[in-house]
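Data block below; observations after.
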Amino acid sequence: MDDKQEIYLSIINEYRDKIIRLCFAHLDNRSYVDDIFQEVLLAVWSGLERFKHEASYGTWIYRITVNTIFLFNKNERKRRIEPLSGNFTSSSINEFEHKIQEEENLKILYEAISNLVELDRILIALYLEKLSYEEIGSVLGISANHVGVRLNRIKEKIRKQLNKQ
């Protein structure tokens, strides 16, 4: 295995789940998430040799993911929102009910997030990934202070939406 392949596999192993969660925060259909994920993987592989280490791999991958989502959303504006679903195999009724409630809570949260403007959806998704304000600012090309201000406004919008329900 050559160096490029080793670096690529290491990066993908580390960021796979984060990329998928970021996609789920902005896309309402599993097949779209799979498509975006594949596009991101291809972009990372294609761009790895041009990566200049001016930012961390994480910031670079988030930027690729955000750009891919923006492009996809620009081209696919008229999609029907479908609720998140999962296969539950737990034999415990309480555990099953807990998972259903968690999924319902996530669905409600994702619906509230989906009502935000595109930049705010990306911003909150990066925040939920526990990126610092500086990292989020770097990915989105805005200052860390601006990230903080926007996040407070976003949280308030989501809070108001959730209180209405």
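The values are calculated or read from the model by the stated rules, or taken from the named source; none is laboratory data. Everything numeric in this text was worked out from a predicted model, so none of it was measured. Cβ sites come from the backbone with ideal geometry, for glycine too, and all protein chains shown count toward neighbours.
Some values worked out for this structure:
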| read-out | value |
| --- | --- |
| Region 114-141 residues that are at positive phi, paired with ones that are modelled with pLDDT of 90 or more (beta carbon under 8 Å, 6 or more apart) | none |
| Condition broken by Cys23, with the remaining ones in (1) more than 13 Å from the chain's Cα centre (by Cα); (2) modelled with pLDDT under 85; (3) not aromatic (Phe, Trp, Tyr) satisfied | (1) |
| Qualifying positions in region 31-68 - among the charged types (D, E, K, R) and without any contact (Cβ under 8 Å) to a residue 24 or more places away in the chain | Asp34, Arg50, Lys52, Glu54 |
| Qualifying position, being among the polar types (S, T, N, Q), more than 13 Å from His26 (Cβ to Cβ) and either surrounded by 17 or more Cβ atoms within 10 Å (Cβ to Cβ) or at pLDDT 85 or above (or both), among Ser138, Ser85, Ser91 | Ser138 |
| Trp45, sole failed condition from (1) farther than 23 Å from Lys130 by Cα; (2) in contact with a Phe, Trp or Tyr (Cβ under 7 Å, 6 or more places away or on another chain); (3) of a type outside the set (A, V, I, L, M); (4) at pLDDT below 85 | (4) |
